[in-house]
Amino acid sequence: MRLKGFVFDLDGVITDTARFHYQAWAKIAEDELGIRITPAVNEGLKGVSRMDSLEVILKYGHQEHDYTEAQKVQFATAKNDYYGQLIDQISPEDILPGMKAFLNALRHGGYGISLASASKNAPRILTGLGLTDYFNAIVDPATLRHGKPDPEIFARGAELLGLAPGEVVGLEDAVAGVQSIKAAGEFAVGIGDRQLLAQADLVFPSTADVSLAAIETAFAEAQG
Ligand code: B16
Ligand code: MG
C-alpha cells in the first residue's frame with residue numbers, strides 16, 4: 001500500500017500541554033481533595049481522558065470510593081476551567097521543535113493530515129498554535145467509546161481522511177498511543193525513548209529529529 005496520510009497525537013507530539021494538565025490537576029487535587037500529586041503521577045495521565053485522569057488521582061490518594069459521579073464531574077470541571085485559563089496563553093511559539101516544518105513538508109507532499117487527540121480542548125489548542133488549517137480532520141473524542149490504547153481513535157483518524165489503516169502513519173509519544181496505532185493496523189512512529197516505545201515501527205528521540213524522508217523509507221520497507 002502507498003503512504004497517503006498522517007494521524008497525529010497532540011500532547012507531546014505537536015505541543016507540550018502535559019505541564020498545563022499537571023499544573024491544573026495539582027491545584028484541584030490539593031485544594032479540593034488534599035492530595036499532592038507528583039510528576040510520576042502526571043506521567044500516568046498522558047493520553048488518558050479527563051475523567052480517567054481523575055480516577056488515577058483519586059486512587060493515588062486512596063479516595064476512589066469517596067465521591068459520587070456528580071462530585072467527580074464537578075472536580076473535573078474545575079480542573080478544566082483552570083486548565084482553560086492556562087492554555088489560553090498558548091501561541092505559535094509553543095509548537096514543539098521541527099513540527100511546523102514537518103507539517104509543511106506533509107502539506108507539500110499532498111498527504112492527508114488528521115488529529116487523534118484524547119483532548120476535548122484540542123481544537124482550541126490548535127487555534128492557539130495557529131495550526132488549524134493544516135488539519136483535514138479532527139477526531140472528536142466525545143464520540144469515542146474507548147480511549148487509548150484501544151484502536152478506536154487512530155482508526156477514526158484514518159477513516160476521517162477516507163484512508164485505509166494500511167495507508168497511514170500514526171505519530172505518538174505515549175506507550176498507550178503507540179499501542180492504539182498498532183492495534184488499528186497502522187504504521188507507528190514513536191517520539192521519545194526507544195526502549196519505552198519499542199512497539200513502534202520507527203522511533204525518533206525527539207520531535208526535532210522527525211524526518212519525512214526517513215518515515216517514507218521505513219514505510220516502504222515495511223511493505224516488504
Ligand atoms: P482534556 P493527547 C491528552 O491529550 C492528554 O495527554 C491527557 O493528559 C489529557 O487528560 C487528555 O488529553 C484529555 O484532555 O481534559 O483536554 O479533554 O496526548 O491525546 O493529545
Ligand atoms: Mg501524547
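The table below lists the values:
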| quantity | calculated |
| --- | --- |
| Dipole magnitude of the chain about its Cα centre (Cβ charges: Lys, Arg +1; Asp, Glu -1), debye to nearest 20 | 220 |
| Accessible area per residue, Å², the chain with all protein chains present, probe 1.4 Å | 47 |
| For the chain, the longest site-free run once trypsin sites (Lys or Arg not before Pro) in DSSP loop states with at most 16 other Cβ atoms within 10 Å are removed | 37-119 |
| Sulfur and carbon atoms: percent of accessible area, the chain [1.4 Å] | 50 |
| Hull volume in cubic angstrom per residue (convex hull over the Cα atoms of the range 100-181) | 92 |
| Cα point-scatterer Debye curve for the range 18-87, base-10 log of I(q)/I(0) at q = 0.14, 0.25 Å⁻¹ | -0.34, -1.21 |
| Relative pair counts by distance (%), Cα atoms of the chain, 10 Å bins | 8, 34, 35, 17, 5, 0 |
| Top positive-direction residue, dipole computed over the range 18-87 with Cβ charges, set 25, 70, 54 | 25 |
| Per-residue ³J(HN,Hα) for the range 175-186, Karplus 6.51 cos²θ - 1.76 cosθ + 1.60, θ = phi - 60°, Hz, x for Gly and Pro | 4, 4, x, 4, 4, 4, 4, 5, 5, 7, x, 9 |
| Residue 138 long-range amide H proximity, modeled H, under 5 Å | 115 |
| Relative contact order (%) - criterion: Cα under 8 Å, at least six apart; region: the chain | 25 |
| For the range 10-106: relative contact order, % (alpha-carbon pairs under 8 angstrom, 6 or more apart) | 40 |
| Whole-Hz ³J(HN,Hα) from phi, Karplus 6.51 cos²θ - 1.76 cosθ + 1.60, for the range 78-94, glycine and proline x | 4, 4, 5, 5, 5, 4, x, 5, 5, 6, 5, 7, 5, 9, x, 5, 8 |
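The values are calculated or read from the model by the stated rules, or taken from the named source; none is laboratory data. The shown structure was predicted, so the numbers you read here are calculated from the model rather than taken from an experiment. Cβ coordinates were reconstructed from backbone atoms using ideal geometry, including for glycine residues, and neighbour counts include every protein chain displayed. Protein only, heavy atoms only, side chains kept; ligands, DNA and RNA dropped before computing areas. Shrake-Rupley method; radii C 1.70, N 1.55, O 1.52, S 1.80 Å.
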